[in-house]
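Accompanying notes for the structure given below.
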Amino acid sequence: MQATLAGLEEGRRALRARFDVRMRATPSLSDRTPLGSGPPNRHGMPRLPPGQGEQDELPVLDLGDQPETPLDRWTLAIDGAVEAPVTLSWADLLALPQVELAADFHCVTGWSMLDLTWRGVPLDALLGLARPAADATHLLVHGRDGYVTNLPLEEALKADVLVAHGLGGGPLPREHGGPARLVVPQLYGWKSAKWVSRLELMTHDRRGYWEIRGYSNTGYPWRDDREW
């Protein structure tokens, strides 16, 4: 693991530079006429996207299964279209760069929670470890409950996207995706897969659980982008 970590920052910077133009062109960073209400948020978008109401407690939503994984058996695989596939243990995850950030969470069902405090590892650092192939364009995120969701790399590599293991100053509760989940604050919450177990790099798009059931493939809250 130490040898892998040695080139992490270089790989991370190169990966972000490769997708920088596309990241800045995404709607949540470039939209000049975003929908919604309230004062500007961290990215200059309205505080609440259209059709959303503020919630003061984080609801529990899942597919009917809340898998329990002891930390000594927890793993995260990063593979697919990569040069250096890697499988991390819990100790490996905690040895990577850690950040704490405040972010809002917008659920497609119409509720938003503002200023949640997450702690975890930036997703670009994790992907940098595995060195995505030159033709990699998308990510498929797998959860231990069988859930999958897709992201273009220009969304996945944003600085506020985390594999989070902490919430509100404590460990991430099992019902909210603990021990670790994806957090993608600039998209609707179904893109933030719980109980993450695998990050699969792809050279083409592949729709996930909700995307093949009629949800938008992109999920931009400030365009009310809920359905196909």
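Side notes on the structure shown:
- For region 1-91, the calculated P(r) over all alpha carbon pairs, in 5 Å bins from 0 to the bin holding the longest distance, is 3, 9, 10, 12, 12, 13, 17, 18, 7, 1 percent.
- Between helix 8-24 and the chain: long-axis angle, C-alpha atoms, 0 to 90°, nearest 10: 30 degrees
- Correct option for Cα Rg over 2.2 N^0.38 Å [calculated from the coordinates] among (i) 0.92; (ii) 1.01; (iii) 0.96: (iii)
- Computed on region 61-176, the Cα convex hull volume stands at 116 Å³ per residue.
- Counting Lys and Arg as +1 and Asp and Glu as -1 over every other residue whose Cβ lies under 11 Å from the Cβ of residue 114, the net charge comes to -2.
- Potential lengthening between residue 117 and residue 68 on full extension [0.36 nm per residue; Cα-Cα distance subtracted]: 15.4 nm
- Ranked by how many other beta carbons lie within 10 Å on average, peptides 191-199, 9-17 from highest: 191-199, 9-17
- Extension gain for the segment residue 207 to residue 100, taken as residue separation times 0.36 nm less the Cα-Cα distance, is 35.5 nm to one decimal.
- Length-normalised contact order of region 92-172 in % [C-alpha pairs under 8 Å, at least 6 apart]: 32 percent
- Intensity falloff of region 52-101 expressed as log10 I(q)/I(0), Debye formula with alpha-carbon point scatterers, at q = 0.19, 0.32 Å⁻¹: -0.94, -1.13
- Inter-label distance, nm, simple model (7 Å from Cα along the C-beta direction), residue 91/residue 55: 3.8 nm
- About the Cα centre, charge dipole magnitude for the chain (Lys/Arg +1, Asp/Glu -1 at Cβ), debye: 400 debye
- Label point 7 Å beyond Cα of residue 159 along Cβ direction - residues of region 88-108 with amide nitrogen under 18 Å: 97-104
Only the coordinates and a few stated rules stand behind these numbers; no lab work does. Please read all numbers here as calculations on a predicted model, not as lab measurements. Using ideal geometry, Cβ is built from the backbone for each residue, glycine included, and neighbour counts are taken over all protein chains shown.
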